[in-house]
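J.: Starting off with a structure, shown below.
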Amino acid sequence: MDAERTLRNLDKPDARLSALFVVTGDDPLLTIEASDTIRHAARKAGYTDRKSLVMDARSDWGEVALTTQSGSLFGDKTLLEISIPTGKPGKTGAETLMSLAQTCRGVTDSDVLTIVALPRLDRATRETKWAQQLFTSSTLLDLPNVERNHLPQWIAERLSRQRQSVTADVLQWLADKVEGNLLAAHQEILKLALLFPEGELEASDVEQAVMNVARYDVFGLRDAMLAGDVERMLRTMAGLKAEGEALPLVLWAIGEEIRSLARVAQAGALGQDTSGILRSLRIFGAHERLARQAIARVSPNSWPAAVQHAHEVDRLIKGIQVAGRLHDPWEEMTRLAMRVTVGSSNR
């Protein structure tokens, strides 16, 4: 059963709640909404005591075991939320999760309902014993990304929930403005419900409402650069400049990415395992897929020059002129991002 159908079933009056849910995915909006749906169903089912834990390999996992075994001190049904942002529970955590999975397998309406929230795991981690046991013993909500070409339809479905609609052209325009950011799209959709009545909305009304709070972010710039999307990269760069974003922050997003990918590209050229290096750099999920696109597009011997270029942009930001570079650091920043976006080796 897919995640969306599972979430819909949780709203039914006769829904039986399994003792263990696992929510995994890349997009924060989708994972937040999925967890909210489970919480709502749990409250209706009498889980009035709630406990939240953020865990990693260094955490005290004994607290998880204690809660799942003893439940609430006052005899209430307990909702336990375990967030593992790194996706790496460590040895003790893995053992605790396997024990939890074994205890919860096939159990419904237990005294303790547990939600385990994970990022999208890489292939090697998904194949570990703890992950496999957790996935097979739980109600698994594996939330797929909303790809850019599906975003207009996603927006249309969200608008329909509040009994509003727009034309296909406006849907495309909205998708372009939010730059693929579902949280931004969600905020705009909710705002349209507050500003306008039900029914089909005028394009001019939507444009005015969205343009008043249009935002561009450095991670959107990074993703456009990695994806090789020249138009989006230039548009986002211009938006950041127009909004007065701090130049050092923009350079950090671009420069750190270039330095990281230069390291990965060098390792690949030497025949080393790039997957391990990407994980050590905390590049995984959708970010990893985009990073691999950029590494494939840019020749290995071009990365050192790109790293040097980033250093020179840093000098420009500090007011130091660099021979052969433009005086405007924004323009030179754009040239730097373009190297990766189009795979150019030009200086």
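The values are calculated or read from the model by the stated rules, or taken from the named source; none is laboratory data. These numbers were taken from a predicted model, which means no experiment stands behind them. Methodologically, a virtual Cβ is constructed for each residue, glycine included, from the backbone with ideal geometry; neighbour enumeration extends over all protein chains shown. Calculation scope for accessible area: heavy atoms of the full protein, side chains included, ligands and nucleic acids excluded. Shrake-Rupley method; radii C 1.70, N 1.55, O 1.52, S 1.80 Å.
J.: With the checklist (1) touching a Leu at 6+ places or on another chain (Cβ under 9 Å); (2) closer than 18 Å to His287 by Cβ in hand, flag the one item Asp229 doesn't pass.
T.: (1)
J.: Any residue in the stretch 233-247 that's over 10 Å from Thr334 (Cβ atoms): show its pairings with residues that are of a type in the set (Ser, Thr, Tyr) and at pLDDT below 90 at Cβ separation under 7 Å, as long as the two are six or more apart or on different chains.
T.: Here the result reads Thr236/Tyr216; Gly239/Tyr216; Leu240/Tyr216; Glu243/Tyr216, each pair linking the stretch 233-247 to a residue that is of a type in the set (Ser, Thr, Tyr) and at pLDDT below 90.
J.: Here's another thing I want to ask about it. Just checking, how many residues over the stretch 311-326 are β-branched (Val, Ile, Thr) and not in a loop (DSSP other than H, G, I, E, B)?
T.: Count: 2.
J.: Quick check on my filter: what residues within the stretch 250-269 are open to solvent by 70 Å² or more (accessible area, probe 1.4 Å), over 14 Å from Leu281 (Cβ atoms) and not aromatic (Phe, Trp, Tyr)?
T.: The answer is Ala269, and nothing else.
J.: Right, another one. Which residues, counting only those in the stretch 152-165, are part of a helix (DSSP H, G or I) and either at pLDDT below 90 or in contact with an Asp or Glu (Cβ under 9 Å, 6 or more places away or on another chain) (or both)?
T.: If the condition is that a residue be part of a helix (DSSP H, G or I) and either at pLDDT below 90 or in contact with an Asp or Glu (Cβ under 9 Å, 6 or more places away or on another chain) (or both), then Ile155 is the only one that fits.
J.: Could we say that Ala238 is over 20 Å from the mean Cα position of the chain (by Cα), part of a helix (DSSP H, G or I), over 20 Å from Asn181 (Cα atoms) and among the aliphatic types (A, V, I, L, M) here?
T.: So Ala238 fails the test.
J.: Mind checking which residues of the stretch 276-321 are β-branched (Val, Ile, Thr) and over 30 Å from Gly25 (Cβ atoms)?
T.: Selection gives Val307, Val313, Ile317, Ile320.
J.: Which ranges mark the helices (runs of 4 or more DSSP H) fully within the stretch 11-129 that have 2 or more residues being modelled with pLDDT of 90 or more and crowded, with 18+ Cβ neighbours inside 10 Å?
T.: Hits in the stretch 11-129: 28-44, 90-104.
J.: For the stretch 129-165, what are the residues that are within 21 Å of Asp26 (Cα to Cα) and in contact with a Pro (Cβ under 9 Å, 6 or more places away or on another chain)?
T.: Once the filter is applied, which keeps residues that are within 21 Å of Asp26 (Cα to Cα) and in contact with a Pro (Cβ under 9 Å, 6 or more places away or on another chain), the stretch 129-165 yields only Trp130.
J.: Let me ask something else. Return the pairs, sorted by first residue and then second, in which the second residue is part of a loop (DSSP other than H, G, I, E, B) and of a type in the set (Lys, Arg), the first residue lies in the stretch 87-114 and is closer than 13 Å to Ala19 by Cβ and touching a residue at least 40 places away in the same chain (Cβ under 8 Å), the beta carbons are less than 8 Å apart, and the residues are 6+ apart or on different chains.
T.: Every condition considered, the pairs that remain are Thr108/Arg16; Asp109/Arg16; Asp111/Lys77; Val112/Lys77; Leu113/Lys77.
J.: A further question follows. Residues in the stretch 277-297: is at least one at pLDDT 90 or above, open to solvent by 20 Å² or more (accessible area, probe 1.4 Å), over 26 Å from Leu118 (Cβ atoms) and part of a helix (DSSP H, G or I)?
T.: Yes, some residue in the stretch 277-297 is at pLDDT 90 or above, open to solvent by 20 Å² or more (accessible area, probe 1.4 Å), over 26 Å from Leu118 (Cβ atoms) and part of a helix (DSSP H, G or I).
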